[in-house]
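Undergrad: I have a structure here, written as structure tokens, and I will follow up with some questions on it.
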Amino acid sequence: MQQWLTDYVNQQKAAQASIPVASVARLVVMLRQALAEDRQIFVFGNGGSAANASHFATDLGKGASDKVGKRFRILSLNDNVSWMMALANDYSYEEVFVGQLQNYGRPGDLAIGLSVSGNSPNCVKALAWAQAHGLQTVALVGAKRGKMAEIATEVITINDTHYGRVEDAQMAICHMLCYAFMENPDSVRSAG
């Protein structure tokens, strides 16, 4: 067991090391622009990626907003369970995110989808709708990249296919995005 754990830690380090820092820096700029222009930011995913999306919305919406003195308008599309279930029941599970974007999304807003496979049908559909309706689109995906990587304008790929390791690396990216504002608030004050 100790060897398996050691191997896992080493593979996790490799996944973390594959984070494309330049791409994360571009996403910081996109978030800074959304803040300056009072744009809505939408984030979504399934399973562990849903938990990461909710965590990211909390950290950016509260922690980062507190530090920069202006509120990020961020919404995790995973968090309205009754609306998601109505969309899933009345239409299909593929509609649970796009159905919400149709109510809220406007050109210039930012849609961020998280998926290890990059092929989650509800995430694919939401990003495709967002792209077609003038939203900025970002996909955080694993090494297989999937359809989301074909759709999104900005793609951040973790070079691994293991769900746990990719989700951990994606959460690290989410934390980097938030702490870029929490630990560097002066760099965004001019944005507001």
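Undergrad: Would you check which residues across segment 63-92 are out of contact with any Leu (no Cβ under 9 Å at 6 or more places or on another chain) and either of a type in the set (Val, Ile, Thr) or not in a helix (DSSP H, G or I) (or both) and list them?
TA: Answer for segment 63-92, where residues must be out of contact with any Leu (no Cβ under 9 Å at 6 or more places or on another chain) and either of a type in the set (Val, Ile, Thr) or not in a helix (DSSP H, G or I) (or both): Gly69, Leu75, Ser76, Asn78, Asp79, Asn80, Val81, Tyr91, Ser92.
Undergrad: If you scan segment 85-101, which residues turn out to be surrounded by 15 or more Cβ atoms within 10 Å (Cβ to Cβ) and of a type in the set (Phe, Trp, Tyr)? If you could, list the steps in order and put the result at the bottom.
TA: Within segment 85-101, the subset surrounded by 15 or more Cβ atoms within 10 Å (Cβ to Cβ) is 87-88, 93-101.
Within segment 85-101, Tyr93, Phe97 meet the criteria.
Undergrad: In the set Ser120, Ser82, which member is farther than 24 Å from Tyr179 by Cα, at pLDDT 95 or above and surrounded by fewer than 19 Cβ atoms within 10 Å (Cβ to Cβ)?
TA: That would be Ser82, the only listed residue that is farther than 24 Å from Tyr179 by Cα, at pLDDT 95 or above and surrounded by fewer than 19 Cβ atoms within 10 Å (Cβ to Cβ).
Undergrad: May I ask you to list the residues in segment 123-171 that are surrounded by fewer than 17 Cβ atoms within 10 Å (Cβ to Cβ), over 28 Å from Asn10 (Cα atoms) and of a type in the set (Ser, Thr, Tyr)?
TA: Thr153
Undergrad: I'd like the full set of residues that are free of Cβ contacts under 8 Å to residues at least 60 places away in the same chain, of a type in the set (A, V, I, L, M, F, W, C) and not in a helix (DSSP H, G or I), limited to segment 1-58.
TA: Across segment 1-58, the qualifying residue is only Met1.
Undergrad: Scan segment 68-75 and tell me whether some residue there is among the charged types (D, E, K, R), surrounded by fewer than 14 Cβ atoms within 10 Å (Cβ to Cβ) and out of contact with any Asp or Glu (no Cβ under 8 Å at 6 or more places or on another chain).
TA: Within segment 68-75, not a single residue is among the charged types (D, E, K, R), surrounded by fewer than 14 Cβ atoms within 10 Å (Cβ to Cβ) and out of contact with any Asp or Glu (no Cβ under 8 Å at 6 or more places or on another chain).
Undergrad: Sort through Ser54, Ser49 and tell me the only one that's under 13 Å from the mean Cα position of the chain (by Cα), surrounded by fewer than 20 Cβ atoms within 10 Å (Cβ to Cβ) and under 25 Å from Val98 (Cβ atoms). So that I can check it myself, show each step before the final result.
TA: On the way: Ser49 fails: surrounded by fewer than 20 Cβ atoms within 10 Å (Cβ to Cβ).
Of Ser54, Ser49, the one residue that is under 13 Å from the mean Cα position of the chain (by Cα), surrounded by fewer than 20 Cβ atoms within 10 Å (Cβ to Cβ) and under 25 Å from Val98 (Cβ atoms) is Ser54.
The values are calculated or read from the model by the stated rules, or taken from the named source; none is laboratory data. Quick caveat: nothing in here was measured; it's all calculated off a predicted structure. Cβ: placed from backbone, ideal geometry, glycine included. Neighbour counts: every protein chain shown.
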